[in-house]
Every structure is written in C-alpha cells, then in structure tokens.
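All of the numbers you see were taken from the coordinates with simple rules; none came from a lab. Since the model is a prediction, treat every value here as computed from it, not as a measurement. Positions of Cβ are generated from backbone atoms using ideal geometry, with glycine treated the same way; all protein chains shown enter the neighbour counts.
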C-alpha cells in the first residue's frame, strides 16, 4: 500500500481503544447509487493483486448500496418472512436486480420459501458474486459471504437499518456489512447468516460458525458499510469482531492501514 492512513473515532463512552489491522491493501469503492438497470462504481484498488473473492464481495456491497438507494436508504431485511414470521428468503435474493441478475430475481416466487418445489432452481447453483473463487463453496449452492445478525448490527431480525442510522452511530466506515465465512454449508438463498453471539473467538477458530476462511493464515475478507473491503487477520481479537459488527455500540475504534 501507499502511505499509512490513520483514523481515530472518539465515542461518548470513550474508555477503550481498539486497533484493527487489515492485512492487505483496502479498497475504497466510491459508489454512485442508481437504479437496478445501471450500476456505477469506481474501484480504487491498490496496486497489489487483490485476494480471491474481493471483487465478488465488492460487487455484493455495491448491489446492496444500490438496493438501499431505491428503498429510502434502508438496508434489506436479513430475512424476508411471512406475516406469521416464517422465514422465506435471504437478503441475497433482494439484491439480485442490482447485480445484473434481474431475470433470476423475476423467476423467484417470493410468496413461497426458498426451498419450496417452485423455487427448487435456487438450490442448483449459487450466483458467482456470493462465492470466493477457488474455495470449496465455489460452483456449489453454498454461499461464502454473510451478514452478521443481531439487535445492534446492520441486520437485526425483522427490522431494517438505514444508512442515516449508521452515520449517526459508530459510522459506516467502522461497521461491518458482510464477511467471508468458510464451511458454513448455508445455501445462498437460505435465510440464515451469522448470529452476533457466534463472535466468541478469533476468525481462525470460527470455521463453520462465523467469520473465517480456507486461507492457511486464517485471514478473512470483510466489507464495511462504506464500501471498503480487505482482509481481516485470522487472529483478530473477538472483542474487535464484536465492536465492528455493531453500528451503535459506541466503542472508540482506531483503524490502521484503512
């Protein structure tokens, strides 16, 4: 990377400072949010070769920003449900029109669950954008990228969070939107992500449970709500994971190399 950038965010309960080191050059994705038929983004990728999956994760982030721009600035629901509360579909199906996959979106019967007979085609292949190329999940129906769900995250259950709320809290630049997770065996349209309670260990110990990867060093791809992405160390303290997973925890965070 180039010169080191340092950002200090003070919070009202500023008794603790958390330092987060991102392993390789983070990308700033300057986004212009428009309709689903046109997506505009500028990729300021560093000179280093990006890790496998980073382009796909950024595409998902851009689609989510564009989805929000067409829905009063609201992030999609983590899970769409019936009036009785039965889960139907993942947030991934909601962002399809902003990923040049409008035809796939139109083919889904959203009145039925993701695994109904009518929607059986969703279980054949996962769209490439939701997978890390070359990973065991690649070319299967399993997803590589997940939201972290919980009351104080950008994806609470049965409620939508706006980008205005993120800005009034800890800030989009220090709040996770999506993370890579290995061995989850969650199909891409399945309404299941990573619960906040799973962030009980470092990523290197969370395979199949939370943020994790198949990389030898355990580093994990992450995307923040402002569109920046990169690798988070596999040894990241779980306290850091919990801090950056929430948007209104008021933890003071110092992000180095960000």
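How much FRET efficiency would the formula 1/(1 + (r/R0)^6) give for residue 237 and residue 140, where r is the Cβ-Cβ distance and R0 is 25 Å, rounded to 0.05?
0.20
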Would you calculate the separation in nanometres between label points at residue 197 and residue 107, each defined as 7 Å from the Cα along the Cα-to-beta-carbon direction? 3.7 nm
Given a Förster distance of 25 angstrom, what is the FRET efficiency for residue 70 paired with residue 159, based on the Cβ-Cβ distance and rounded to 0.05? 0.85
Of 235, 209, 49, how do they rank once you tally other Cβ atoms within 10 Å and put the fewest first? 49, 235, 209
Residues 138, 213, 168 in order from fewest to most other beta-carbon atoms within 10 Å are 168, 138, 213
